[in-house]
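Since the structure comes first, as structure tokens, the remarks are kept for the end.
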Amino acid sequence: MYHVISGQVHLLRHTRQGDEVVIHRAHDDESFAEAALFSPVYHCDAVAGADSELVRIDKIAALERMKTDPDFAIAISARFAGQIQNYRRRLEIVAIRDAKARVFAAVADGMLTGNIKPVAAQIGLTHEAIYRALSSLARAGRLIKTGRGRYRLSE
């Protein structure tokens, strides 16, 4: 298992036809390959999508600590659960067909904190599409621009 200190890591699987499919993008302060704690082999390749700093978490040490330290076991389980909730919410946002509605949902969830390009990758739009949607939502009075790449919902 790994923890991303900074950067971005893509988890890839390969189809039978040899195509690469990104099944997850781990970002700053997220872990990945958690399933490796309970599996002899992990089923994905991890490739840095940007300059990244990672911490490797030793499987045996983590499992032993989970057995002997209930507070640690609860904390790591809560962290995993929170990440799963965030992944599911991202999937819900990506499933929204209308670009403006998708961008509005991302802003409402606090995903847009200044840099639009990473958010574009997370929600499956080009950064140009996000800029257009943000402009339209601001003109319609649904969002208020508070700074470069920063928006909030209008009251």
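The values are calculated or read from the model by the stated rules, or taken from the named source; none is laboratory data. Worth saying up front: this structure is predicted, and the values here are computed from it rather than measured. For neighbour counting, all protein chains shown are included, and Cβ atoms are generated from backbone atoms with ideal geometry for every residue, glycine included.
Some points to look at:
- Failed criterion for Leu63 (all others in (1) in contact (Cβ under 8 Å) with a residue 24 or more places away in the chain; (2) within 24 Å of Val22 (Cβ to Cβ); (3) of a type outside the set (Lys, Arg) hold): (2)
- Whenever a residue of segment 92-119 is over 15 Å from Ser154 (Cα atoms), its partners that are of a type in the set (Asp, Glu), lying with C-beta atoms within less than 9 angstrom and at least six residues away or across chains, give the pairs Ile93/Asp109.
- Of all residues assigned to segment 64-82, at least one qualifies as being under 24 Å from Arg25 (Cβ atoms), assigned by TED's automatic domain parsing to the domain that holds Ser6 and buried (at least 17 other Cβ atoms within 10 Å of the Cβ).
- Checklist (1) in a helix (DSSP H, G or I); (2) modelled with pLDDT of 90 or more applied to Pro118, failing item: (2)
- Inspection of segment 30-51 identifies at least one residue that is modelled with pLDDT under 95, surrounded by 13 or more Cβ atoms within 10 Å (Cβ to Cβ), on the phi > 0 side of the Ramachandran plot and not assigned by TED's automatic domain parsing to the domain that holds Gln122.
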